[in-house]
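The values are calculated or read from the model by the stated rules, or taken from the named source; none is laboratory data. Keep in mind that what you see is a predicted model, and the values were worked out from it rather than measured. Positions of Cβ are backbone-derived with ideal geometry, glycine not excepted, and every protein chain shown enters the neighbour counts. Just so you know, the surface numbers come from the protein's heavy atoms only, side chains and all, with ligands and any DNA or RNA stripped out. Shrake-Rupley method; radii C 1.70, N 1.55, O 1.52, S 1.80 Å.
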Amino acid sequence: MVITAGTAAFLELAPRTGLVDRFSVLPLSEMVVRLTKLLGSGEFWSEALVPSLSAIGLAFVLAIVLGVMAGVLLWEIRPARRVVEPWLTIYYAIPTFALYPLIVAVLGVGVLPIVLLGTMFAIVVVITSTLSGLDATPTTTIRLAQSLQMSRFSRATKILVPAALPHIVTGSRLALSYALIGVLASEFVLSTSGLGHFISRAYNDFSFADMYAGVLLVFILAGVVNSIFALLAKRQPGVAR
């Protein structure tokens, strides 16, 4: 809270006192006023906010579903895990966005490549958290499932995934943040709509009031996302906070 208050005070006072160039950085109060006006505009919602939120939500859901499935499969098939796991550890060192020319060439420009990049950016943390949760599952629980002669699908959906849920929830918190980053960054270069495109266009047009209002909204969205997952973590026993 002290850091947040100090940052807000600096952003408000530094441009007004001449500590930083007011042309480059607006006072925080002016950012808030401009953001309030934008949120009252139906055009901003339809062309910027709704497309971004829809893409982020879809990328997040795909990352969770596909990531949990991949995590369970890798946990069940140990040889495959030994091959894939080293690549998972270095995945975020690979410049994923360098693939966007190839993705555009294959899928074109639009929502699909943006969602794909957002999913690619978020999925690995779900896979690794699922594997961690399954590794932490008590051996007695796994033996119980084996003694009941359950199918692999039933064992995964009724025992393994619920047992790994605390770790999956923790990974999902990061995945949503990564999906948000992936989608907004993709919109800078791959879209003609969305919040990322709005910020990029405002920057290119030297419309700094709109640009900083968009950036402020990104920070607010990230804060809301983390607050929601922090609340879920408190209600879910065993979830790392």
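One chain, two ends: residue 154 and residue 222. Fully extended at 0.36 nm per residue, the span grows by 20.9 nm beyond their Cα-Cα distance. Take the Cα of residue 85, step 7 Å toward its Cβ, do the same at residue 13, and the gap between the two points is 5.2 nm.
Can you check what the net charge comes to around residue 149, using other residues whose Cβ is under 15 Å from the Cβ of residue 149 (Lys, Arg +1; Asp, Glu -1)? Kindly include the intermediate steps, with their values, before the conclusion.
Working: positive: 143, 152, 155, 158; negative: none.
Summing Lys and Arg as +1 and Asp and Glu as -1 gives +4.
I want to verify the translational diffusion coefficient of segment 42-205 in µm²/s; compute it with Stokes-Einstein, Rh as the Kirkwood radius over Cα pairs, at 37 °C and 0.692 mPa s. Reported coefficient: 192 µm²/s.
Provide the per residue accessible area, probe 1.4 Å, for the chain, rounded to a whole number of square angstrom. Kindly include the intermediate steps, with their values, before the conclusion.
Numbers: 13400 Å² over 241 residues.
Value returned for the chain: 56 Å² of accessible area per residue.
Taking 0.36 nm per residue of separation and subtracting the Cα-Cα distance, full extension of the segment from residue 231 to residue 3 would add 79.9 nm. The alpha-carbon atoms of segment 51-104, seen along their principal axes, cover 40, 23, 16 angstrom, with the largest extent given first. Put a plus charge on the Cβ of each Lys and Arg, a minus charge on the Cβ of each Asp and Glu, and nothing anywhere else: the dipole of the chain about its Cα centre is then about 1040 debye. Compared with the dominant Cα axis of the chain, that is its longest principal axis, helix 28-39 is turned about 70°.
Heavy-atom accessible area with a 1.4 Å probe sorts 82, 155, 201, 173, largest first, into 82, 201, 173, 155.
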